[in-house]
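Here's the structure we're looking at; comments come further down.
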Amino acid sequence: MLHVDDDSDQIRETLREHFLAAARPRSIIRWLQSQQVRHLLAGIADGSIAATHEALDDLPQTATLRHIRALLIDRGHLPPQDAALARFAAWIPTKIDTIESPDSRDALRRFATWHHLRKVRDCAALPRGAASAAHNAKQEITVASNFLKWLADRSSTLRSCSQSDIDDWLADGPTTRYTVKNFLTFTAQSQLSPALTVPRRTVKTIRRIDAEERLVWIRRCLEAEQYPAAPRLIALLLLVFGQPITRIAAMPITAVDVDDSTARIRFVDDWIDLPAPIAALLTQHLANRAPTSTRTVDTNPYLFPGARPGEHVHRHSIKLALNRLGIDLLGSKNTALDELVASMPAPMVADALGFSYNAMAQHEGFKGLRFERYVSGRYPG
C-alpha cells in the first residue's frame, strides 16, 4: 500500500519514512493490517481523500481517523489543531440532535456555539490549550440538554418555565443540576426564557488529605521504582506544587530545564529549582518518555506525550493512573496549596504557580493565616 514510486507524492513518502523509523515495528505492522487504517491511508495517498482538516471533518470521527490526523499534523502536512477543540466542535451537533423541540434545540445550539464554542476557541489559542474549557463546556451543555428534556416531560418549555419549575429541578436531582445557571442566564439575556434564579450552591465540605498523608505519598512516589517515572512525576507535581491535572497534561517540554547539576521547572514565568530527588526523577523521565505504538516522541513538544503524535497525555489517562495508585486528586491538590501558603505569602504562591490571588487567599483563610499575618504585621513583636 505504501510502496513509493516516481509518482508518489510527499505525503506517501513522509508517511513511509515515518513508519520505517518506528521504534516498535511489530506494532506498526499490526496497525497497518487494519482494514480501516489501510482504507484511510490509501485514500490520502492517492488523493481520493484530501489531506485537509475540512475533508477529514466530513468522515466518521473514529479513533483511527484521529490518529492519522495527528500523524499528518506531526509530519507537517496539516496545520496544527487543538484536539480538544476539534472533538468539542464535532460533539456539539450530536448533543443538539437529542432535543426534539425545535425551539429548545435552537436555544441549546445558541448556548453551545455562541456562548461556549467561542470561549473554547479562545482557549485553544493559549498555551494551556482548550482541554479544560471544553470539558467544562460539555458539562454545562449536557446539564442544559437534560434540563430541556426534563421540561418536555413536564409538558413545559423554556418560555413557559417558572421559578417553581427551577426549584423542583434543583430539589429532585444531584447537585450538578445547579450547573444549569449559566444556561438560564444566557437564555434570559437572549430573551428565550424569563429571568429565573438559580442560587449559588454552597459547598459544605472541601476535600483535603492529612498533611502527614501528603508527605507519605510524596515519599512513596519518590521511592516506588517499580512504577514508570511519568505517573510518579505527575503525582509529585500535584502533591508538591498543587498543579491541576489538566495543566500538568499540557505542560510543554520547555517548562523544564535540566543540566548536569540542577533541574528547574516553571509553571508561569519564574523558574523554580527542584529538590534533588524530584530532579532525579525528572531526568529519568526525560531520558525515556514512553513512545507510542506507532512513533517515537523525540519531536513531541509536551513534557508528557500522549498516545497520538504531537499530542499531550489526556487528563483522563492521568486521572486513571493516579487513581490506580490510590491518590485522592482533589484532596491532594487542596492540601498541597494549604501547606504552600502556610510556608510563604499567598500572593507569592499565586504568582509562582499560576493561581489567582483569590484562590490562594481561600487556602490561607482555611489555615487561619490571614488574621495571624494581619495581627503580626500590625503589632510586631
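The values are calculated or read from the model by the stated rules, or taken from the named source; none is laboratory data. Because the structure is a prediction, the values reported are computed rather than measured. Cβ sites come from the backbone with ideal geometry, for glycine too, and all protein chains shown count toward neighbours. When the accessible area is computed, the model is the full protein with side chains, heavy atoms only, and any ligands, DNA or RNA have been set aside. Shrake-Rupley method; radii C 1.70, N 1.55, O 1.52, S 1.80 Å.
Can you tell me which residue in the stretch 120-140 is nearest to the chain's Cα centre (by Cα), limited to those that are hydrophobic (A, V, I, L, M, F, W, C) and in a loop (DSSP other than H, G, I, E, B)?
Of everything passing the filter in the stretch 120-140, Ala130 is nearest to the chain's Cα centre (by Cα).
Step by step: first the residues of the stretch 206-228, then only those that are of a type outside the set (A, V, I, L, M, F, W, C) and under 25 Å from the mean Cα position of the chain (by Cα), then the one that is surrounded by the most Cβ atoms within 10 Å (Cβ to Cβ). Which residue is that?
Arg214
Among the candidates Arg219, Arg232, which residue alone is under 30 Å from Thr283 (Cα atoms), at pLDDT 90 or above, assigned to a helix (DSSP H, G or I) and in contact with a Cys (Cβ under 8 Å, 6 or more places away or on another chain)?
Within the list Arg219, Arg232, the selection yields Arg232.
Looking at the structure I just gave you, is Val198 hydrophobic (A, V, I, L, M, F, W, C), open to solvent by 30 Å² or more (accessible area, probe 1.4 Å) and more than 17 Å from the chain's Cα centre (by Cα)?
So Val198 fails the test.
Mind checking which residues of the stretch 165-188 are without any contact (Cβ under 8 Å) to a residue 12 or more places away in the chain, over 18 Å from Ala152 (Cβ atoms) and open to solvent by less than 50 Å² (accessible area, probe 1.4 Å)?
Listed by number, the list holds a single entry, Ala188.
Could you look through the stretch 112-169, keep only residues that are within 22 Å of Arg315 (Cα to Cα) and among the polar types (S, T, N, Q), and pick out the one that is modelled with the lowest pLDDT?
Applying the filter and picking the extreme gives Ser132.
Counting only residues that are free of Cβ contacts under 8 Å to residues at least 24 places away in the same chain and touching a Ser or Thr at 6+ places or on another chain (Cβ under 6 Å), how many does the stretch 126-164 have?
0
With the structure loaded, tell me whether Arg105 is touching a Phe, Trp or Tyr at 6+ places or on another chain (Cβ under 8 Å), modelled with pLDDT of 90 or more and closer than 28 Å to Ala90 by Cα or whether it fails that test.
It is false that Arg105 is touching a Phe, Trp or Tyr at 6+ places or on another chain (Cβ under 8 Å), modelled with pLDDT of 90 or more and closer than 28 Å to Ala90 by Cα.
List pairs: first residue in the stretch 45-66 and hydroxyl-bearing (Ser, Thr, Tyr), second residue open to solvent by less than 30 Å² (accessible area, probe 1.4 Å) and part of a loop (DSSP other than H, G, I, E, B) anywhere in the structure, Cβ distance under 8 angstrom, at least six positions apart or on different chains.
Partner pairs satisfying both residue conditions: Thr52/Leu78.
Looking at (1) of a type outside the set (Phe, Trp, Tyr); (2) in contact with a Phe, Trp or Tyr (Cβ under 9 Å, 6 or more places away or on another chain); (3) in a helix (DSSP H, G or I), which is the one condition that is false for Val240?
(2)
Output the number of the condition that Arg69 fails; it satisfies all remaining conditions of (1) of a type in the set (Lys, Arg); (2) without any contact (Cβ under 8 Å) to a residue 40 or more places away in the chain; (3) open to solvent by 40 Å² or more (accessible area, probe 1.4 Å).
Condition (3) is where Arg69 drops out.
Is it the case, given these coordinates, that Gln191 is in a loop (DSSP other than H, G, I, E, B), polar (S, T, N, Q) and either open to solvent by 40 Å² or more (accessible area, probe 1.4 Å) or free of Cβ contacts under 8 Å to residues at least 40 places away in the same chain (or both)?
Answer is yes for this residue.
Would you tally the residues in the stretch 39-61 being open to solvent by 40 Å² or more (accessible area, probe 1.4 Å) and closer than 17 Å to Arg308 by Cα?
Here the count works out to 1.
I'd like to check something: does the stretch 330-349 contain any residue that is open to solvent by 30 Å² or more (accessible area, probe 1.4 Å), of a type outside the set (D, E, K, R) and within 21 Å of the chain's Cα centre (by Cα)?
Taking every residue of the stretch 330-349 in turn, at least one turns out to be open to solvent by 30 Å² or more (accessible area, probe 1.4 Å), of a type outside the set (D, E, K, R) and within 21 Å of the chain's Cα centre (by Cα).
What is the residue count in the stretch 143-172 for residues that are under 29 Å from the mean Cα position of the chain (by Cα) and closer than 15 Å to Pro199 by Cβ?
1
Could you check Asp260 against (1) over 26 Å from the mean Cα position of the chain (by Cα); (2) of a type in the set (Asp, Glu); (3) under 26 Å from Ala130 (Cα atoms) and say which number it fails?
(3) is the only condition that Asp260 fails.
Restricting to the stretch 259-286, name every residue that is open to solvent by less than 20 Å² (accessible area, probe 1.4 Å) and assigned to a strand (DSSP E or B).
Across the stretch 259-286, the qualifying residues are Ala263, Ile265.
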